[in-house]
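First up is the structure itself, then whatever we jot down about it.
The values are calculated or read from the model by the stated rules, or taken from the named source; none is laboratory data. Not measured: the values here are computed from a predicted model. Don't worry about glycine lacking a Cβ; one is built from the backbone with ideal geometry, like all the others, and counts go over all protein chains shown. Each accessible area value is taken on the protein alone, full model and side chains, heavy atoms only, with ligands, DNA and RNA left out. Shrake-Rupley method; radii C 1.70, N 1.55, O 1.52, S 1.80 Å.
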Amino acid sequence: MNRNMWWLLGANLKSDYRVIIVWLLVNFSLIVSGALKLADLYNSPETLDQLLTMLRTPMMTAMFARMPELSQYTVAIVYAAIMLPIMAVLMGLMNVQLVVRGTRQMEESGETELIRGGVTTATTPVLATIFEVLGVNVLMTMTMGIGVVLIPMHGATSGGAILFATLLGTFGLMVAGITLVLSQLFAESRSVNAIGYGVIAVMYVLRAVIDVRRAAEWRWLSPLNWLESARIFADNRAGAILTQGWFAIVLGLIALALVNGRDINAGLIQFAGRGRQRATVWLRGFTSLFVRLQARLVLTWLVGLAFFGAMFGSLFHEVGTMMIDNPQLTKIIGAQLEASMHHAIYRHFLVMVSMFISFLAILAGLNVMQRFHTDTVRGAYDLLGGMRLTRLKLYATYVSGAMIVALCLWGVAFMIVWFTANMVLTVPMDVTMMQQALVGYVPSIAVLIAIAAVLLGWAPRWFGLIYGYAGVMFLMTYMKNLMDLPMWALKLSPYGWTYNVPVVSLSVVRSSWLCGLAVVLLIVGYIGFKKRDLV
Amino acid sequence: MTKVLEISHLNKTFGKFQALSDVSFTVNQGQVFGFLGPNGAGKTTTIRSVLGLLKRDSGTIKLMGEDATGNVLDTHKHIAYVPGDVYLWPNLTGGETIDLLLRMGGHARTKRVDDLIKLFELDPRKKNRTYSKGNRQKVALIAAFSANVDLYIFDEPTSGLDPLQARNFQDQILALKQAGKTVLLSSHILSEVEKVVDCVAVIRQGRIVEVGSLTDLQEHAALRINAQVQDWTPFQDYPKFHQELNGEISFTVARALLPKTMTALVTAGVTDLKVTPPTLEDLFMQYYDTGAVAHES
Ligand SMILES: Nc1ncnc2c1ncn2[C@@H]1O[C@H](COP(=O)(O)OP(=O)(O)OP(=O)(O)O)[C@@H](O)[C@H]1O
Ligand SMILES: [Mg+2]
């Protein structure tokens, strides 16, 4: 531990403090507003009972969490059960982001080399990052703990609140540990980011499948299931804290050992880095270069989305059977005829699956577009400055690339959902409903990508904001029913305009209106792109 | 003489910062034009504006008589460009990158490419991520030298090259010159380009402080006078006046004022005299130091 480490820690905090503050605000306001809303909405035993019936359905279990089996419930128990996985995902995302910034991104920008050239060891940057995430997670834990304690909820205890927050903190540290190890294995921050976020998404989907299937013997597999086993405000089991804490420590030590064994600017596995002497005939120009550069990213997304699609598709079986066991459900989904009930519940489940998958497809598209910005910053377009490459071609390639990737991934993943659902069901899915859903999400995907294109043209430095916007709006739409969020708030994003498709069918007028908006936004983006500096 | 590149009254601001003010100069057919200036003077900014990577605030840039940034599909047919910091896509090999750059520029791959690869001692099978700075620069240089265009633009081309490769680079520039091509070459250091350039423009803090041929510049430059005189008082107002302990005085004087100064020296009873022209390097250090030139006084 030397002075350089502290200096480096200071430098990290200086460059990260805005990110940290944003996460603090987001997490704190989610914790508090969730508690306020639930305590207000479900304050009587009857309403709480209704909520529980709804939450016990496989669909809600897939979306949010498994309810602990208890004889007596309080709002606080339900609150903790719902919020724990969601907040854990957010904590995970934050930790991936901070660790990648502190390790790989610093190395890529050359800062690490500058520091390592001085009197420091290879472990110094890793140690500084460890201290940073340690501090940040402790801070988050305290903020969230205070947030829970502040809101009076029936059944809440301060012990449970502390456990709730500490579980999230240790989960964050564990993800930080995973990311630290990943950043020693892979040489590019893009890869580490992608895999880190991917690990969290896999945890979430596994949790959904394990919980819906009630596969108790698989619960060890996803750390989000460990969190659920804590049964906060009921038994307050603290075991997961230790498990996660141990994982965090061991992973941190592994990362420290790995960083000593690798070269700077390299992953653990060094590629000899030799290839062809001449380019193939396929590498003809900018478009083929674009395809070549994006292929790996898109393929990774494709594999991920195919996995999620298959997982979700296979849940349709459980979603259907549970409904028959559960006559009370009629109340919630509306009194429909027995025969149409299956379709109603499938429809609702399809909404959730579609939202999730379309959101991921949008993220993939944004990734593709963002590559333009990162490459510009690195100076890739400087080299192409003397080429016969018009602004229109550049813009069109990136924007249409993003659009095509998002829409194709959406289509492919959706078809996989459809296919797996038909495999597990005796009666195939209603074709009209599936078609409505498939087409129904196209406008909102297009509009979001188009909004990103406007940022690309006018404020490329703020491009990162689009992820925040898409994430927050997705979360709000996802939680709309539970939290009884007002419709106008959802309308701040395209998700709100295509809300509940295909439970409600999207009107032709509205979809053409949205597509028109997308086109206008694309043109607006181009106007900015034509005027801006490219370096 | 055909004007290949003509920049007039170019202005560029980044936010409130005026990076270029009223930059004007012309590069003629067949010239090797040195674009010199200290760090942050605006060389790269000027070049990027020519390429259309940066959008100028005002002024005109003409390439082969046409607006350089109007229709790049047309104008960029005439140029090859190597940036100062060469970023190459990490997963492509050097050989692939050279091919790609040539194809994108619409140039055929000739035997020249292989000759250049050999000359610059580049291993084209290596992935770009494993190249050193100099080798990355070589990749871009080879692609540029292999292209048959009118104007070659190099931004600090030799900053990453070892002395041997820098020599190769100079030879290639001379070959281009012999072939009647036009070259725009930016650099910090005059001595790096002195042997190849005909003409220079010096930029400092976003303003052109000097344009002309090398010989002209030397003509304009102030001479240094060292003398022993009986009465030094008439000279104390000359620029850079200085008196040694032994009584010797030194100052600078513009060439045009030399006869008048000589008369004054004789009147003052000169007993020893030395007149030295500045070396080019001195000259440029003067520009870098003050931006003003001694002969202005
Ligand atoms: N994108 C930008 N945004 C803001 N300022 C910039 C930008 N690009 C350049 N500058 C500023 O403009 C000035 C000129 O920069 P430029 O890169 O043209 O200098 P240069 O002469 O090429 O220097 P060097 O010899 O160091 O390469 C510098 O002060 C620089 O900080
Ligand atoms: Mg420069």
Task: Rg in Å to one decimal, and Dmax rounded to a whole Å, for region A:135-212 via C-alpha atoms - done: 15.9, 50
Task: Whole-percent pair-distance distribution, where bins are 10 Å wide, for the alpha carbons of the protein assembly as shown - done: 2, 11, 17, 19, 17, 12, 9, 6, 3, 2, 1, 0, 0
- [ ] Keeping every protein chain in place, order B:K118, B:K3, B:K55, B:K43 by accessible area at 1.4 Å, biggest value first, i.e. largest first.
- [x] B:K118, B:K3, B:K55, B:K43
TODO: Give me a single rounded figure for B:166-173: the average over its residues of other chain Cβ atoms within 10 Å of their Cβ.
DONE: 0
- [ ] Note down the Stokes-Einstein diffusion coefficient of region A:334-419 in µm²/s, whole number, using a Kirkwood radius over alpha carbon pairs, 37 °C, and 0.692 mPa s.
- [x] 209 µm²/s
- [ ] Rank B:Y131, B:Y87, B:Y152 by mean-square fluctuation in a GNM of chain B with C-alpha springs under 10 angstrom and give only the top-ranked residue.
- [x] B:Y87
Open item on the list: Distances longer than 13 Å among the Cα atoms of region B:222-276: what percent of all pairs is that?
Closed with: 52 percent
Task: Distant alpha-carbon pairs in chain B (separation over 36 angstrom), percent - done: 29 percent
Task: Selection of chymotrypsin sites (Phe, Trp or Tyr not before Pro), region B:1-84, meeting DSSP coil and at most 12 other Cβ within 10 Å - done: none
TODO: Give me the angle, in degrees from 0 to 90, between the Cα long axis of helix B:94-105 and the longest principal axis of the Cα atoms of chain B, rounded to the nearest 10.
DONE: 90 degrees
Task: Local electrostatic count, A:I195, Cβ distance below 14 Å [Lys/Arg +1, Asp/Glu -1] - done: +2
Open item on the list: Can you tell me the orientation of helix B:280-290 relative to chain B, as the angle in degrees between its alpha-carbon axis and the longest Cα principal axis, to the nearest 10?
Closed with: 90 degrees
Open item on the list: I want the antiparallel fraction of DSSP beta bridges within the protein assembly as shown, as a percent rounded to 5.
Closed with: 65 percent
Task: Computed accessible area, A:M415, all protein chains, 1.4 angstrom probe, square angstrom - done: 90 Å²
TODO: In whole Hz, with x marking every Gly and Pro, tabulate ³J(HN,Hα) for region A:62-69 from phi via Karplus 6.51 cos²θ - 1.76 cosθ + 1.60, θ = phi - 60°.
DONE: 5, 5, 10, 6, 8, 7, x, 7
Task: Span-rule helices in chain A, defined as complete DSSP H runs reaching 30 Å or more along the axis (Cα) with Kyte mean at least 0.0 - done: A:3-41, A:75-100, A:123-150, A:158-185, A:189-212, A:239-260, A:286-314, A:338-378, A:391-424, A:508-531
Open item on the list: Just to be sure I understand: if you take the accessible area of chain A alone plus chain B alone and subtract the pair, with a 1.4 Å probe, what total do you get in Å², rounded to 100?
Closed with: 3900 Å²
Open item on the list: On a 1.4 Å probe surface of the protein chains, which of A:F419, A:F359, B:F154 comes out largest in accessible area, and what is the full order?
Closed with: A:F419, A:F359, B:F154
Task: Residue among B:G94, B:G106, B:G30 with the largest mean-square fluctuation in a Gaussian network model of chain B, springs linking Cα atoms under 10 Å - done: B:G106
Open item on the list: Just to confirm the filter: which trypsin sites (Lys or Arg not before Pro) across region A:456-499 are DSSP coil and have at most 14 other Cβ within 10 angstrom of their Cβ?
Closed with: A:K491
Task: All-pairs Cα distance distribution in region A:1-265, expressed in whole percent, bin size 5 Å - done: 1, 6, 13, 17, 17, 14, 11, 8, 6, 4, 2, 1, 0, 0
Task: In degrees, nearest ten, helix B:133-146 long axis to first principal axis of chain B (Cα) - done: 80 degrees
TODO: Could you tell me which of the pairs A:K531/B:K16; A:K491/B:K16; B:K3/B:K195; B:K62/B:K126; B:K43/B:K195 are separated by over 28 angstrom between their Cα atoms in the structure shown?
DONE: A:K491/B:K16; B:K62/B:K126
TODO: May I ask you to give the percent of accessible area on region B:222-276 that is carbon plus sulfur, with a probe radius of 1.4 Å?
DONE: 55 percent
Open item on the list: Relative contact order for chain A: what percent, with Cα pairs under 8 Å and sequence separation of 6 or more?
Closed with: 15 percent
